[in-house]
Structure formats: C-alpha cells, structure tokens
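Here is the structure we will look at, set down as structure tokens.
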Amino acid sequence: MGASLPLGGVPGESRRSRGPKTLPGQAQRRCAGRGRRTRIGGMTETAVSGAAVAEALRAGTRAPSPHNTQPWLFATRDGEIDVRLDESRVLRVCDPDGREAVLSCGAAVLNIRLALAAEGTACATTLLPDRREPLLLATLRLGAGRTPSAQDRRLAGVIAARHTHRRPFTGEAVPAAARHVLVRAAADEGARLHLLDGPGQFDTFAALLRRAEHVQRHDPAFVAELAEWTGRGDRGDGIPAAAGGPRPSSEPALSLRDFRGADATDATDATVAREYERTPLVAVLTTPGDTRRDALRAGQALQRVLLTATAAGLSASFLAQPVEVPRVRAELRSLLGGRDFPQTAWRLGHGHPGTPTPRRALDEVVTRPGTGERP
Ligand SMILES: Cc1cc2nc3c(=O)[nH]c(=O)nc-3n(C[C@H](O)[C@H](O)[C@H](O)COP(=O)(O)O)c2cc1C
C-alpha cells in the first residue's frame, strides 16, 4: 500500500470512494466492509478498512466545540491518524489562548478512539508527538485487533446522539449511581469531576457564572464574535438559532449563554418563555496542570463524561463562562480547593432530546499527510 490513506479513500463524502483500503504499516489483507481479522502466530492482527477509518474520523467531527467552530484537522498516514489544531478556527475573543479549541480536539480524539475500539481496533495515542510541530496535537497508531468492551460499544453507540441541551430540565435529581459513573469517567482519562452539591458551592458557582456572563455580554468584541458564529444558515458549522434554549420566564438559577441573537424573533420556540429547573447538578472538570497536554487530557475526559451522561439518559449544557473569564476562573479554582485547574463546567439533568448542530463534511477537515494542508 502507498504511503498514506489518501483523502480520496474516505468514502461517503463528495469525493468518490475508492473502496475499502488497508492502512499502511499493517499487513495488507482483503478488507471487506469494516476490516477483517486474521490470527497470526497467536496474535490477532487487524486490517482496518478505509471505511472504518472514515467512520472513525466522522465520529471525531461529532465532538463538541465552542460556538461549533470544529477546530480540528485530520490526516491519515502509515497506519496512523494525526489530529491537528486548525488555528484559523480558534475564537480570538472567547478563547484567546486556544485552550478550548484544544479541549475540542481532545474530545475528537476520544471519539475516534472509541469508534475504532468499538470496531475491534486498538490504538495507541501519543499526545503532542513532535515538539517542532505544536499544532500536531495527537497521533493515534492503529494497532492489533481486540475484542471491544461493552463500555466501548455503549459509548461509541451514543456519539451521534449526544447534543448540548440548552432547554429546561425536568427537575428530577441525577441518581447517585449516575453521579458515580460520571466521576469515574473523568478519572479514567486523568481528570477530575467536581460535583457542586456541597453546602453553598452551587450558589457560589451560580454567582461566578452570573459575573462571567455579565462580563462577556458587555464586551462588544465577544458579542460580535458570538453573532458571527450564530445562525449561519446552511453552513456546516456555527450554532443554529434552534439549538439555543428558550427565554427564561423568570431569573434562572444558572445563566445560560444566549444564542438567540438577531434570530430571536424567528418562529422557533426560542422566543417562548419557559421556566428553568431550580437546582440542576453542576459539575466542573479539572486537571492537575494547565498545559496544552492537560487540555488534551481534559478534552478526552470531557467527552467521556458527556458520552457516559448520554448513555445514562442524562442531558448536559456547557457553562463555560466562568472558565473563560480569567479572573473568574481563578475564583472558581479557589472554590474547588485551589489546586487543580478548571477546564469546563456543565449543568446536568434530565432533559428532552436536543437539537443537532451541523458538521462540515470530512473533505473539509481531512488534510494531506504531514502538512495540515488540504489536498
Ligand atoms: C470547551 C467548550 C465550551 C463550550 N461552552 C459553551 C457555553 O458556554 N455555552 C453553551 O451553550 N455551549 C457551549 N459549548 C457547546 C458548543 O456550543 C457545542 O458543543 C457546539 O455548538 C456543537 O453542538 P453539540 O454539542 O450539540 O454537538 C461549549 C463546547 C465546548 C467544547
């Protein structure tokens, strides 16, 4: 096989599929459909088909990202998948350091890992594999076949169903067993999930959220950037007005980001005032450090938490404002004990199915191997 799995080998997109391919660096085998396993000397080797890789990359694109910017680029080469940061899609005002964009790429990495695992392909992930290439965030080396765990299957099975839910929740409490699995999901990826149900913690968080939301809402540059990414019509990125929540009928306990923008008068139910639940479960994800590597770990943890929540029938809204405003982030850090660094926050509860947001086609996010450039 040649040196790469070329973009033209990504089936199901606007380019014509060239049929299943074996990834280079692995034994060339007849790959029907999603790949085929052969036993060699007691080991199981997998020839991963182009279709399976394309499906995994498509799963990567289902990751959440701030304002649905989708700041990732993927390339396949020598039995590996590279995940790069697309700097042109970093939000200059909301996310000047690109931390949230890196979180999003980490979330995409987890989706790719899970999609491959669910198809029976193990992969070894190296974060920041090349110092000279800071935009190369992760390389996934596709390895031997392995039997997918029930958990891999369960989480991969809800990648497409997971959405950000910005509507009112029912008020039903998140059961203790579900809280436990969410905390464990974050720990599995080297992060920590703090559930703010201690005395006063919820109220303090709500006050920090109000402050951060106030700062952002009164920053014309922030408002302009948000407007730029909201209601973009048929584009494959940004947030459709319908994905925003309805106007609250009374001051809600937690201030949600307002995506209704100029489209607020549309005939969507975003214009109908609704009562929000009083005490949703608030969770804050933290990491021991605040480097790019920490953000990549946090991104994978973020996505494992969200998929675990989805699989448990829970809904989640991001409440990232207090983490995005530096001085509020410092206070949030103190609230959590002052050691770890907050990476993102959510409200969790029982909601109704969310509105899907669009994604760009694979053609737009797959680059030539080793370059980060489109073919
Ligand atoms: C790091 C990060 C921060 C986010 N912050 C917010 C936020 O503060 N408010 C919000 O409503 N959505 C927030 N989102 C959710 C994105 O808007 C959402 O993921 C994107 O629109 C794609 O939609 P989906 O999650 O339904 O697939 C955030 C997502 C990420 C990854």
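Laboratory data are not the source of any read-out in this text; all were calculated from the coordinates shown. Worth saying up front: this structure is predicted, and the values here are computed from it rather than measured. Here the Cβ positions follow ideal geometry from the backbone for every residue, glycine too, while neighbour counts run over all protein chains shown.
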ask   = Under 5 Å between amide H atoms, partner at least 5 residues away or on a different chain: which partners does Asp86 have, H built in plane at 1.01 Å?
value = Trp72, Leu73
note = The long-range amide H neighbours of Phe259, using H built 1.01 Å from N in the peptide plane and a cut-off of under 5 Å, are Gly245
query = Leu128's amide H: which non-local residues (gap 5+, or another chain) put their own amide H closer than 5 Å, with H modeled 1.01 Å from N in plane and none for Pro or chain starts?
reply = Ala138, Thr139
query = In whole Å, what three semi-axes, largest first, describe the equivalent ellipsoid of segment 128-287 built from its Cα gyration tensor (square root of 5 times each eigenvalue)?
reply = 31, 24, 19
remark   = HN-Hα couplings for segment 143-150 via Karplus (6.51, -1.76, 1.60; θ = phi - 60°), in whole Hz with x for Gly/Pro, come out as x, 5, x, 8, 6, x, 6, 4
ask   = What are the ³J(HN,Hα) values, in whole Hz, obtained from phi via the Karplus relation 6.51 cos²θ - 1.76 cosθ + 1.60 with θ = phi - 60°, for each residue of segment 250-259 in sequence order, with x given for Gly and Pro?
value = 9, 3, x, 4, 10, 7, 8, 5, 8, 9
task = Go through segment 105-115 residue by residue and turn each phi into a ³J(HN,Hα) via Karplus (6.51, -1.76, 1.60, θ = phi - 60°); whole Hz please, and just put x for glycine and proline.
result = 5, x, 5, 5, 4, 5, 4, 5, 4, 5, 5
Within segment 53-157, trypsin sites (Lys or Arg not before Pro) in DSSP loop having at most 10 other beta-carbon neighbours inside 10 Å = Arg92, Arg131, Arg132
query = Once fully extended, how much extra length lies between Ala144 and Thr371, figured as 0.36 nm per residue of separation less the alpha-carbon to alpha-carbon distance?
reply = 79.0 nm
